[in-house]
Amino acid sequence: MTVAVDNSKCIGCGACIVECPIEALDLIDGIAVVNPKICDNNGKCVLVCPTNALALNLPDQANKPTQALDPEAGARFDLKDPLPDTVKDYAQDNQKKTIPAQVVPVAGGDVWSGVWVIIEYTNGKVAPVSWELLGEGRKLADAIGCGLSGVITGHQVDSVIPEAFAYGAERVYVVDHPVLKDYRTEPYAEAITSLVTKYQPEIILMGATSMGRDVFPAIATRVQTGLTADCTVLGIDPETKLLQQTRPAFGGNIMATILCRSSRPQMATVRPRVMAMPERVDGREGELIHEEILFDETNIRTKVLEFISSDAKSAFLDKAEIIVAVGLGLAAKRNMVLAEELAEVLGATIAGSRGAVEAGWLTHDQQVGQSGVTVRPKVYIAIGISGAIQHLVGMETSDFIIAINNDPEASILKVANYGIVGDLFQIVPALTAEFKKRLQHGVAN
């Protein structure tokens, strides 16, 4: 029997490795691991562990004489105090230790390097979040000292290539094939996975759109790496150079920062409209790499029979230009007709606060906020929304905000360009009538 390790308690401090006189322990992926061929159960590692993660595992221990142990050994380490220099310096001075945060994983003998942005191109249009991520990817690439690349998959995508360079890509990988004309999970995942396996990027980003949320998990599964979905903040740890991926957790009550320490690439989807749109510079050039991938249509299980485009009213929130959002101030679901009539006149998309969604007035995909969708429309009209911080972080970067509330102290009024204090049941119908009159001949004057 060997010393037992409780992985849930091990903090990877290295104290046991330093203390073991026969070098029977090592750190693998930040967890102490015992070599059963060497371990003689002398127990010194057990006493020195500051979190009691180690234990002797000897059924016949009572009948077997044990070596006298230093009674003060266990007092050498206290989690409340700084670790001794012999432990603190262990990671730097001992070549045996494996710390994934300090040793970049390799495949095929090559180091993973570079920041990639998957440029979403479907039905002849590029998702704007792709350009936003090229801007954010530039910051990440600069922080770790590597290149920034864009990846385009689809059919007849030549028009997208100069746009990718214009928004900052230094290199563009292209897979152009008739099978990729319409988005389907299998061929898109196969194309991107093939590129990842061959070129080994360190970081890959994609928009948290319906396509990104579908294909990215499939790619992560194929390459056996981690994926953080719906990020709102990205950064680089200055010490480890790992990608810091921050996203809402526990229903939006906390923000969790996630690291992918032991596998590559580091993958994250990012909510649209969260990152700023970078400056577009015409005339930029870069390296273009065309990859040929053989697809067999007969092996693809899904077929696209027809594509039905949505109108403005049913557009996904992350793409909406005008949003009419409602909160609990609307009082009842039957009053949704007020917002719907205003949205009808403006060609807007209906959305709401978490309270409105939990009340059953709207579905979760219509929720704006930290635990919903982050939006950046040209116009955001908030009706009866008080302005909880969880809602504000999801819409405060809108180009123009109009808030209607009967409470002059409502938080939503502090971020609004125009605030209307009064009875929404009188104000909203009056706005609808005025917009209808001005828009009946086209653009309002």
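Check whether at least one residue in region 223-231 is polar (S, T, N, Q), surrounded by fewer than 21 Cβ atoms within 10 Å (Cβ to Cβ), in contact (Cβ under 8 Å) with a residue 40 or more places away in the chain and not in a helix (DSSP H, G or I), and report yes or no. The answer is yes; a qualifying residue exists.
Applying the criterion of at least 1 residues that are out of contact with any Ser or Thr (no Cβ under 7 Å at 6 or more places or on another chain), at pLDDT below 50 and surrounded by fewer than 14 Cβ atoms within 10 Å (Cβ to Cβ) to the helices (runs of 4 or more DSSP H) found wholly in region 75-181 leaves 85-88, 90-93. Restricting 385, 404 to residues that are in a loop (DSSP other than H, G, I, E, B), among the β-branched types (Val, Ile, Thr), in the same structural domain as residue 334 (by TED's automatic domain parsing) and surrounded by 14 or more Cβ atoms within 10 Å (Cβ to Cβ) narrows the list to 385. Name every residue in region 1-53 that is assigned to a loop (DSSP other than H, G, I, E, B) and among the acidic types (Asp, Glu), in order of residue number. Residues satisfying the conditions are 6, 23, 29, 40.
Applying a threshold of 8 Å to beta carbon distances and a minimum spacing of six or more residues, or different chains, the list of pairs starting in region 374-392 at a residue that is on the phi > 0 side of the Ramachandran plot and ending at one that is surrounded by 19 or more Cβ atoms within 10 Å (Cβ to Cβ) and in a loop (DSSP other than H, G, I, E, B) reads 384/327; 387/410.
When region 1-45 is filtered for residues that are under 13 Å from residue 55 (Cβ atoms), exposed (fewer than 14 other Cβ atoms within 10 Å of the Cβ) and aliphatic (A, V, I, L, M), the ones remaining, listed by number, are 1, 4. Mind listing whichever residues of region 249-299 are among the small types (Gly, Ala, Ser) and in contact with a Pro (Cβ under 7 Å, 6 or more places away or on another chain)? Matches in region 249-299: 262, 263. Could you tell me whether region 168-189 includes any residue that is in contact (Cβ under 8 Å) with a residue 24 or more places away in the chain, charged (D, E, K, R), touching an Asp or Glu at 6+ places or on another chain (Cβ under 9 Å) and closer than 18 Å to residue 113 by Cβ? Looking for residues that are in contact (Cβ under 8 Å) with a residue 24 or more places away in the chain, charged (D, E, K, R), touching an Asp or Glu at 6+ places or on another chain (Cβ under 9 Å) and closer than 18 Å to residue 113 by Cβ, one finds at least one in region 168-189, hence yes.
The values are calculated or read from the model by the stated rules, or taken from the named source; none is laboratory data. Just so we're clear, the structure is a prediction, and the values are computed from it rather than from any experiment. Using ideal geometry, Cβ is built from the backbone for each residue, glycine included, and neighbour counts are taken over all protein chains shown.
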